[in-house]
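A.B. asks: Please read through the structure below; I'll follow up with questions.
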Amino acid sequence: MAREQKTIVCREHGRECDWEVRDSDEQEVLLATQEHERRRHAAEVTIEQLRWRLRPVRRGIGGL
Ligand SMILES: [Zn+2]
């Protein structure tokens, strides 16, 4: 059984940026986002500050 994937989309959080990440492991999503914020946006954020950004990947997205 596949776990539901979670995603964080940078553009949904006030950035002019097309980056996004998705994974069934939300810790991986959070760590990737933290790394991205540091490298691309020079922003130091904690995992807890990122947790609210997580949302499920909707089935069929992009295939409407
Ligand atoms: Zn970004």
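The values are calculated or read from the model by the stated rules, or taken from the named source; none is laboratory data. It should be emphasised that the depicted structure is a prediction, and the values quoted were computed from it without experimental measurement. Heads up, the Cβs are rebuilt from the backbone with ideal geometry, glycines too, and the neighbour counts pull from every protein chain shown.
A.B. asks: Name the single residue, out of those in region 22-39 being closer than 11 Å to Leu54 by Cα and touching a Leu at 6+ places or on another chain (Cβ under 9 Å), that is farthest from the ligand (Cβ to nearest atom).
C.D. replies: Glu26
To keep it simple, each residue is scored yes or no on (1) closer than 22 Å to Arg3 by Cα; (2) modelled with pLDDT of 95 or more.
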| position | (1), (2) |
| --- | --- |
| Val21 | yes, yes |
| Arg39 | no, yes |
| Glu44 | no, yes |
| Trp52 | yes, yes |
| Gly62 | yes, no |
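A.B. asks: Hey, another quick one. Of all the residues that make up region 40-55, how many are assigned to a helix (DSSP H, G or I) and away from the ligand (no atom under 16 Å from the Cβ)?
C.D. replies: Total satisfying the criteria: 4.
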